[in-house]
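Reading through the structure tokens given below for one structure.
The values are calculated or read from the model by the stated rules, or taken from the named source; none is laboratory data. Given the structure is predicted, the values throughout are model-derived calculations rather than measurements. Heads up, the Cβs are rebuilt from the backbone with ideal geometry, glycines too, and the neighbour counts pull from every protein chain shown.
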Amino acid sequence: MVEHSNRVRKPRRKNLEQQRREAAMRRRQEEERQEREIQQARRENQLNIRNSGQLIKNHYNKITRESRNVVREQLSTFKLRNYNNAIKYMLFGRFIKAGDRVLDIGCGKGGDLFKYNKCKISELLGIDISDYSIKEAFSRYTGMRYRSFCATFVTANPFKTKIPDILEGIGHIPNQIQFPMDAVSMQFCLHYAFESEEQIRMMLENVSKSLKVGGYFFGTIPSSDFIIQKIQVTRKNNEARKQKLEEERMQKQSLEEQNSSNTGGDREETKEKEQGQGQGKGKGKEQDDVENDDPFAPPKEEETTVNSIKEAETFDDEEIKWGNSIYSVTFPKVPNEECDFSPPWGNVYYFYLKDSVENAPEFVVPFESFRAIAEEYRLELRYKKTFAELFKEEIPEWFNNFSPKMLEGLKRSDGKYGISGEEAEVADFYLAFAFERI
Ligand SMILES: C[S@@+](CC[C@H](N)C(=O)[O-])C[C@H]1O[C@@H](n2cnc3c(N)ncnc32)[C@H](O)[C@@H]1O
């Protein structure tokens with residue numbers, strides 16, 4: 001018997017080991033396949049984004065995989081992340097009450113679970129297109145020592161599928177998750193729906209049908225006011241730059257024309273000129289040496305022209321781009337003069353945020369159009385504030401509520417609270433909104 005079980009056990013252990021190795025290999029292959037897909041999709045979608053869902057899913061799967069070994073406090077964008085978290089705490093505090101049932105669309109890897117605990121909600125339904133993020137959210141939830149709520153996490157695309165169909169697809173038993181919800185939260189996610197009118201409408205239908213009358217739909221999105229202002233400034237700068245480059249090109253052309261007419265002229269004259277130039281060169285060299293000693297000397301005329309030519313070769317006035325060392329926004333197509341974003345969907349730009357988003361396609365949310373379409377779904381705008389406005393208004397109440405670690409992270413170099421420098425510009429990119437279901 002013992003012998004028998006031994007004989008049986010040995011190959012089983014071997015099998016398990018082999019199974020683990022095979023599973024790890026499959027995971028690696030899957031990760032490599034997804035990486036290839038991201039690169040391929042990025043190349044293909046450079047100018048023409050259609051159906052970006054798969055691309056976005058792959059992107060967030062990749063981020064979730066990579067973030068597992070990251071120490072948040074060591075990231076150069078740590079202060080910005082901390083600030084965004086503070087903003088979300090404030091927003092949740094305003095629009096969620098104890099005992100609420102909440103639907104979180106684009107819940108990601110569960111970064112808001114502690115906020116839900118703090119609000120003492122009773123139930124959470126988290127939906128995200130990224131299966132990796134959903135797995136991570138679930139494991140974070142089960143790893144929480146204290147939980148005020150029960151939670152269900154589902155991988156799905158609620159911009160394309162009705163929520164009842166999503167739940168039916170996972171074998172959900174009616175009444176297991178109680179509808180209507182008291183609140184719907186969409187943090188840093190809604191702009192992905194603005195790829196097309198169908199997706200916006202499906203998203204709003206899902207929100208509206210999930211919410212009770214009097215419930216709130218709230219979230220954070222890129223501010224179209226900020227985007228328009230930045231486009232206008234960038235466009236002006238681009239025009240000035242283009243004009244300067246054109247002037248330099250003309251100057252260079254006329255110099256070349258002058259030179260070529262000289263070459264065809266009197267030999268003696270040319271000789272004299274060459275000698276003169278030779279002398280000049282010698283003189284110039286001495287001057288160069290003197291100039292090179294001066295660390296504040298402006299670049300030589302010649303170098304400036306070469307640089308400008310190089311710049312002219314790479315300068316693309318078909319593109320609008322701005323940013324700083326931690327973020328950048330690139331519009332592959334220049335929006336029209338009025339920046340009216342008409343139609344209000346499909347206005348793609350690429351967003352880069354250090355340690356986080358690698359030039360992923362996102363879509364402008366022209367706020368007034370968003371408000372108007374939302375009204376059709378019985379959602380009435382009650383709140384719209386930039387992050388800076390929200391923070392200033394709410395921070396006095398939160399001093400005693402935030403942990404010392406959170407408060408420390410919110411301290412600026414001048415001793416005040418908030419965010420400053422390059423990170424402040426990224427924070428200014430966003431606004432917070434809330435609609436009431438009527
Ligand atoms: C910037 S993350 C924000 C995550 C989370 N809400 C937070 O604030 O930490 C955006 C999330 O939106 C999700 N997302 C994008 N498109 C989606 C879609 N069509 N349906 C569901 N989730 C989507 C992404 O997978 C990602 O997890």
Just checking, which of 228, 170, 200 is within 15 Å of the ligand (Cβ to nearest atom) and either in contact with a Lys or Arg (Cβ under 8 Å, 6 or more places away or on another chain) or closer than 30 Å to residue 320 by Cβ (or both)?
200
So which pairs qualify, if the first residue must be in the stretch 332-361 and within 21 Å of residue 79 (Cα to Cα), the second must be of a type in the set (Gly, Ala, Ser) and at pLDDT 90 or above, the Cβ gap must be under 6 Å, and the two must be at least 6 apart or on different chains?
352/328
Counting only residues in the stretch 117-134 that are away from the ligand (no atom under 12 Å from the Cβ) and not in a strand (DSSP E or B), the one surrounded by the most Cβ atoms within 10 Å (Cβ to Cβ) is identified as 121
Yes or no: the stretch 181-188 includes at least one residue that is of a type in the set (Val, Ile, Thr), over 22 Å from residue 373 (Cβ atoms) and at pLDDT 95 or above.
no
Per-region count, the stretch 203-225, residues within 16 Å of residue 372 (Cβ to Cβ) and within 16 Å of the ligand (Cβ to nearest atom):
6
Among all residue pairs at least 6 apart or on different chains, which show Cβ distances below 6 Å where the first residue, located in the stretch 126-150, is farther than 19 Å from residue 67 by Cα and the second is modelled with pLDDT of 95 or more and more than 16 Å from the ligand (Cβ to nearest atom)?
148/120; 149/122; 149/123; 150/123
Among the numbered conditions (1) of a type in the set (Lys, Arg); (2) within 19 Å of the chain's Cα centre (by Cα); (3) in a loop (DSSP other than H, G, I, E, B), tell me where residue 230 comes up short.
(3)
Quick one: what pairs do we get from the stretch 186-204, first residue within 16 Å of residue 156 (Cα to Cα), second more than 9 Å from the ligand (Cβ to nearest atom) and not hydrophobic (A, V, I, L, M, F, W, C), C-beta under 6 Å, 6+ apart or different chains?
204/377
Out of the residues in the stretch 172-204 that are among the acidic types (Asp, Glu) and out of contact with any helix residue (DSSP H, G or I) (no Cβ under 9 Å at 6 or more places or on another chain), which is nearest to residue 88 (Cα to Cα)?
182
Qualifying residues in the stretch 173-197 (those that are surrounded by fewer than 19 Cβ atoms within 10 Å (Cβ to Cβ) and aromatic (Phe, Trp, Tyr)) - the one farthest from the ligand (Cβ to nearest atom):
179
